[in-house]
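Below is one structure, written out as structure tokens, with a few remarks after it.
The values are calculated or read from the model by the stated rules, or taken from the named source; none is laboratory data. Predicted model, so just to flag it, every value in this text is computed and none were measured. Cβ placement follows ideal geometry from the backbone for every residue including glycine, while neighbour counts extend to all protein chains displayed. Accessible surface is based on the protein model in full, side chains and every heavy atom, while ligands, DNA and RNA are left aside. Shrake-Rupley method; radii C 1.70, N 1.55, O 1.52, S 1.80 Å.
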Amino acid sequence: MFLYVIMSYPAFVRSKRETTRTEREAHKPGSTLLMRSPDVTKAAVTKSEQLLKLDGHDFTMRPGFGGPAIPVGVDVQLESLDTISEVDMDFTMTLYLRHYWKDERLSFPSNTNQSMTFDGRLVKKIWVPDIFFVHSKRSFIHDTTTENVMLRVHPDGKVLYSLRVTVTAMCNMDLSHFPLDTQTCSLEIESYAYTDDDLMLYWKRGNKSLQTDEKISLSQFLNQEFHTTSKLAFYSSTGWYNRLYINFTLRRHIFFFLLQTYFPTTLMVMLSWVSFWIDRRAVPAWVPLGITTVLTMSTIITGVNASMPRVSYIKAVDIYLWVSFVFVFLSVIEYAAVNYLSTLQECKERTQSNRQLPCTCGMTHPGQMMMSSSYSDMDMITTGNYGMSELSGDKQEQFLVHLVLDNEQGAQRPAVSSSSSLYIDTHAIDKYSRVIFPGAYTLFNIIYWSIYSQ
């Protein structure tokens, strides 16, 4: 160990000599070696802090503490209105929030009366209003490429504090007229700690305090109106606070829902009317049509409700979809009724045509049976035994059967007439349905659009 220290000591001495020689060369005129330059940023910050006398004041207290409330003016420039969500019932917007107040502790002497502008590093060292967004779900200050905060101080102590914020806030929507609805939402601004006795929050330029870009637009809404208001908010535990409101009214575009919901629904209802022109015996042709229309209506209703919140009241689109579904369902019932009545009619006709003929085998007096069963006494007197003596036994039986069939056909004529009347009624149902269903659905559309399109 001792030997190692002795061997390393000459190397240490040699390194010390080289360092001393380098420092001497650096101080020589015309030397190419660069000296370490001072930190200009630190020097500037230190100078500004000295100019604003930050060390001589307690900036944890508001300006004019113990005196009247400090007025803080606010104005907003709306950069974008990003999204409106019906499912979450909220909206997202990006804005420039600016605060104006006067803090005499930040006054500084200036011959040119020019203000000084700083970034967010100085904000943490002075007093700023503790503004927050009421009913906000998420909010953040943009930090690309640096924190988007600006502080401007005038020689007389007036301060402008600006920041770029994106906020997502709650909006209570009334969807009873959806998608023919108009929604009004508001962004509420308030001081968190200071009541109206300590901080008076107000719009700096009244209704002109809110500036919007004409290019702001949403895919589903039309911007109708932006305006500002202010009220006092009371909390039972802390007191009264000044609250500022940014109110905006949006009217929903209907064209998207016409293409995605209303037109397909109307086409499905009209397609169900095709069954009124289909022959009742063409069951294989009608069954796919009825199933397709019913399942398509169910799919449309499910798709619309999947993108909507589960509210406890009926929406305008629900009324249209369910009434249309009822029309499709009634078309199915109409075909079933016609098919059932036609089946009853065919069964009666088949029963009458399949009746067994009376047996004449073994009859000893076929002529008497024929006359007694088919003719009256007057007919017997008139006809007598005309032609009977001239017929053989087989021919007599054939003649007897022919007369019996004629008699039965005559007796069945009223039944056939009743069956024919039933046949005409089944066709009349289709004829009436071809007029009643389109007429009723057209009347429903007139009433629906006249009520909800106002």
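Charging the Cβ of each Asp and Glu at -1 and of each Lys and Arg at +1, and nothing else, the dipole of the stretch 184-323 about its Cα centre rounds to 480 debye.
In the stretch 70-252, how many lysine pairs have Cα atoms under 15 Å apart, counting only pairs 8 or more places apart or on different chains? Before the final figure, lay out each step's value.
Values: K102/K158; K102/K204; K158/K204; K204/K231.
Lysine pairs, 8 or more places apart or on different chains, close enough: 4.
For the stretch 70-252, the equivalent ellipsoid built from the Cα gyration tensor has semi-axes of 32, 19, 14 Å, listed from largest to smallest.
Share of carbon and sulfur in the accessible area of the stretch 70-252 stands at 47%, probe radius 1.4 Å.
Among the trypsin sites (Lys or Arg not before Pro) in the stretch 222-288, those located in a DSSP loop and surrounded by at most 13 other Cβ atoms within 10 Å of their own Cβ are R281. Along the axis of the charge dipole computed for the stretch 70-252 (Cβ charges of +1 for Lys and Arg, -1 for Asp and Glu, origin at the Cα centre), the listed residues V87, M200, I126 are led at the positive end by I126.
Working ranking of peptides 193-201, 305-313 by packing, defined as the average number of other Cβ atoms within 10 Å per residue, highest first, is 193-201, 305-313. Among the GluC sites (Glu not before Pro) found in the stretch 190-276, those both in a DSSP coil and sparsely packed, with 11 or fewer other Cβ atoms within 10 Å of their Cβ, are E214. From most to least packed by mean Cβ count within 10 Å, the peptides 80-89, 260-269 give 260-269, 80-89.
Within the P(r) computed for the stretch 257-306, what percentage of the Cα pairs occupies the region above 12 Å? The partial results should precede the final answer.
Working: 789 of 1225 pairs.
The share of Cα pairs beyond 12 Å in the stretch 257-306 comes to 64 percent.
What the phi angles of the stretch 54-67 give under the Karplus curve with 6.51, -1.76 and 1.60, with θ = phi - 60°, is a coupling list of 5, 6, x, 9, 9, 8, 6, 9, 5, x, x, 4, x, x Hz, glycine and proline written as x. Sorted largest first by accessible area at a 1.4 angstrom probe radius, with every protein chain in place, the residues E346, E147 fall in the order E147, E346. At the residue level, W240 shows approximately 120 square angstrom of accessible surface with a 1.4 angstrom probe and all protein chains present. Per-residue Karplus couplings for the stretch 431-436, computed as 6.51 cos²θ - 1.76 cosθ + 1.60 with θ equal to phi - 60°, are listed in order as 4, 5, 5, 5, 9, 5 Hz, Gly and Pro entered as x.
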